[in-house]
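The values are calculated or read from the model by the stated rules, or taken from the named source; none is laboratory data. None of these values were measured; they are calculated from a predicted model. Using ideal geometry, Cβ is built from the backbone for each residue, glycine included, and neighbour counts are taken over all protein chains shown. Protein only, heavy atoms only, side chains kept; ligands, DNA and RNA dropped before computing areas. Shrake-Rupley method; radii C 1.70, N 1.55, O 1.52, S 1.80 Å.
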Amino acid sequence: MSAFSQVAEYSAKHPKPADITFEYGTAGFRTIGVTLESTVFRAGLLAALRSQSKQGQVIGVMITASHNHERDNGVKLVDPMGEMLQQSWESYCTDIANAGSDDQVVDILSYIVEKEGIDLSVRAKVAYARDTRPSGPLLQKALEDGLAALDVDAANFGIVTTPQLHYFVRCLNTANSTSPYGEPTEAGYNKKYGQAFLRLVEGKPLPSTLHIDAANGVGAPQVLKLAEAIGSPYFNIDVQNSDTATLGKLNIDCGADHVKSNQRPPAGTTLVPGERYCSFDGDADRIVYYYSDDNGVFHLLDGDKISTLVATYLRDLVTAAGISDLQVGVVQTAYANGSSTSYIKDTLRLPTVFAKTGVKNLHHEAEKMSIGAYFEANGHGTVLFNPSAVAKLQAARPESPAQADAINRLWTLRDLINESVGDAMSDMLLVETILICKGWTLEQWDAAYTDLPNCLLKVVVNDRSIFKTTDAEQQLTSPPGLQNVVNSLVAKFSKGRSFVRPSGTEDAVRVYAEAASRSECDQLAYAVAGAVFDMAGGRGERPAEFL
């Protein structure tokens, strides 16, 4: 009996929409939720083969669309250590999602088995979960059919945050190792991170209340469970935008993406000077902080600010520990504010590298560092301790109580950080730990450096595929001559910087610009956007000249 004998029968229950082409990108598949039924079914099939290719290790499947509108949904696969799916398998996901018939689905599965040399006698294991979106139950049923078609050992973790699912996968695959990552349950997650937090802040002055905007997403119930598990005034929170039951509220006028993009607090939130605020996105893998000064001016502490705060604290601990050959590094994207990059290089004197947009790209670069901190400007990021750093910490022999304390804090920080993926709740505890230990307000944190005014525009074009980039997407190699025009425009503005990169999801390009003043920044952004429109087949209205 063929291993795929039931696939066509199950596949027929989830036909592919005829007029849609799907593409597996940095965040997996993501589009209108109700159109993804066939795609999620087929993702279940791929997860089974991926598990078998990894000798039966658990593969994760998360149904979510993160910060997108509630009508959207998506699905992504999680590799054994909780990391993003290996890039070479992304094309398999795209191919099978676009298969035109049930028989073609089977043919693609057979091709992958042969190409990857997969032993189909290995028992496949998959862990899956979803967020709170209304299309979630439909897509979960499709996924379960995909897993049933290949008789997979499946574990349903219910409605949890995306980072929690990544954590569960890593825990399951390290359970029998010499270094188990943790207990693969919600209670285990809360215990691991909550206890590490308390060990680090014990004896320090108590912080003020932290107001959390949970984007009306899955982070709302989960952060309340975390607070209950911590059970301490060191984690005194007020959760806002926590309505996961009312349709139409998820990510609307709230959440990390709204705050970052609009440079203002969630709708209905009046910021009180001196109080502390943060926002998650809909699946709780991003976080940004913000506050109001005494003049009522809004201040954002985004992923760049988080990255510099974390890197500073780690650098100081490494120095205090006396481990001279342990190096902290920072990974950024082209969207990082130029002031943050200058601060890391010139003030902190830490190595920094640039990676292409997308956390999987930053993650790979951070793995090359002893201790690598990476955060996209949108607030998605984490810290990685590579094996060499772990070995150096293990080998360290403190010569004073201060060195012993610093080494112990580095070990405990590692327990506080979700190394598998960016995690709003883990990152929140990390930021809170540093602020409590330093005795800092948000305003004191913000004072380290001042962001340059920046602007992000979208230009709709006939064909985004003609845009080719190099140098971590900071320079265009195509269309010919456009980069020279961008360079000439940038040269006209004090502290000017601009780059153009194609969208990963639509026929459009993104134009980023920054300069010494808001007026100059806007002038530069619209000038570059106009050049893109004129030289590269812009559609619709030409970006208006800045007045």
- request: Kindly list, by first and then second residue, each pair from a residue in segment 291-314 that is of a type in the set (A, V, I, L, M, F, W, C) to a residue that is modelled with pLDDT under 95 and not in a loop (DSSP other than H, G, I, E, B), limited to pairs with Cβ atoms under 8 Å and residues at least 6 apart or on different chains.
  value: Leu300/Lys260
message: Which numbered condition in (1) among the acidic types (Asp, Glu); (2) open to solvent by less than 60 Å² (accessible area, probe 1.4 Å); (3) assigned to a loop (DSSP other than H, G, I, E, B); (4) over 24 Å from Gly28 (Cα atoms) is the only one that Glu520 fails?
response: (3)
- request: Return yes or no: is Asp79 charged (D, E, K, R), loosely packed, with under 15 Cβ neighbours inside 10 Å and either within 28 Å of Gly422 (Cα to Cα) or at pLDDT 95 or above (or both)?
  value: no
- request: Could you please find all residues in segment 352-372 being small (Gly, Ala, Ser) and assigned to a helix (DSSP H, G or I)?
  value: Ala366
message: Among the residues in segment 222-235, are any surrounded by fewer than 22 Cβ atoms within 10 Å (Cβ to Cβ), charged (D, E, K, R) and at negative phi?
response: yes
field: Matching residues, segment 405-455, being more than 18 Å from Tyr313 (Cβ to Cβ) and of a type outside the set (Asp, Glu)
entry: Ser420, Val421, Ala424, Met425, Thr450, Leu452, Pro453, Asn454, Cys455
- request: Taking only segment 34-66 into account, find how many residues are open to solvent by 20 Å² or more (accessible area, probe 1.4 Å), in contact with a His (Cβ under 9 Å, 6 or more places away or on another chain) and β-branched (Val, Ile, Thr).
  value: 0
- prompt: Could you list, in sequence order, the residues of segment 455-500 that are of a type in the set (Phe, Trp, Tyr) and closer than 24 Å to Arg539 by Cα?
  reply: Phe467, Phe499
Out of Ala97, Ala129, Ala149, sole residue that is closer than 24 Å to Val160 by Cα, modelled with pLDDT of 95 or more and surrounded by 21 or more Cβ atoms within 10 Å (Cβ to Cβ): Ala129
task: State all residues of segment 362-397 that are touching a residue at least 60 places away in the same chain (Cβ under 8 Å) and polar (S, T, N, Q); if no residue qualifies, say none.
output: Asn378
query: List the pairs whose first member sits in segment 469-494 and is over 21 Å from Val359 (Cα atoms), whose second member is part of a loop (DSSP other than H, G, I, E, B) and modelled with pLDDT of 95 or more, and whose Cβ atoms are under 6 Å apart, counting only residues at least 6 apart or on separate chains?
result: Val490/Gly496; Phe493/Ala515; Ser494/Ala516
statement: Requiring at least 2 residues that are crowded, with 22+ Cβ neighbours inside 10 Å, the strands (runs of 3 or more DSSP E) wholly within segment 238-351 are 276-280, 287-292, 328-332
query: Does Leu109 satisfy being in contact (Cβ under 8 Å) with a residue 40 or more places away in the chain, open to solvent by 10 Å² or more (accessible area, probe 1.4 Å) and in contact with a helix residue (DSSP H, G or I) (Cβ under 7 Å, 6 or more places away or on another chain)?
result: no
query: If Ala227 passes every condition in (1) touching a helix residue (DSSP H, G or I) at 6+ places or on another chain (Cβ under 6 Å); (2) under 19 Å from Gly296 (Cα atoms) but one, which one does it miss?
result: (2)
query: Considering only strands (runs of 3 or more DSSP E) fully contained in segment 373-481, which possess at least 2 residues that are more than 25 Å from Lys260 (Cα to Cα) and open to solvent by 20 Å² or more (accessible area, probe 1.4 Å)?
result: 468-470, 475-478
